[in-house]
Amino acid sequence: MKILLDECVPWPMHKLLVGHTCTTAKKRGWHAVKNGELIQKAETEFDLFITCDQNIRYQQNLQGRRIAILELSSNDLRRIMMSGELLDQAVETIQPGEYREFCIP
């Protein structure tokens, strides 16, 4: 699966996503792109967009999207790393076009 990590997601988290191709919006040169346009761009090349932006579902129309969006409840790297198994499960089960909140304990 090709995964795009939003700017707010800590890059070291990609180590948990074994077997997937990961990059960041910043590495793609999309760091100044607003969320609506970012999702449109991501949708043409990626299967999954991971963000910590908890307002994205209110600010963007996510209906009819092809890209899956996983919203993390925190960008605290330590907590994310401790939730690696649950995160892997969420990534493996998310469907194209699905928006899912992932609560990190």
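The values are calculated or read from the model by the stated rules, or taken from the named source; none is laboratory data. Fair warning: this is a prediction, and the values are worked out from it, not measured in the lab. Every residue, glycine as well, gets a Cβ built from its backbone with ideal geometry; the counts of neighbours run over all protein chains shown.
Taken together, LEU70, LEU77 contain a single residue that is hydrophobic (A, V, I, L, M, F, W, C) and either at pLDDT below 95 or over 13 Å from the mean Cα position of the chain (by Cα) (or both), which is LEU77.
The helices (runs of 4 or more DSSP H) found wholly in region 24-105 and carrying at least 2 residues that are in contact (Cβ under 8 Å) with a residue 40 or more places away in the chain and of a type outside the set (Val, Ile, Thr) occupy 77-82, 84-93. Taken over region 9-23, the criterion of being surrounded by 15 or more Cβ atoms within 10 Å (Cβ to Cβ), under 12 Å from the mean Cα position of the chain (by Cα) and not in a strand (DSSP E or B) is satisfied by VAL9, PRO10, MET13, HIS14, LEU17.
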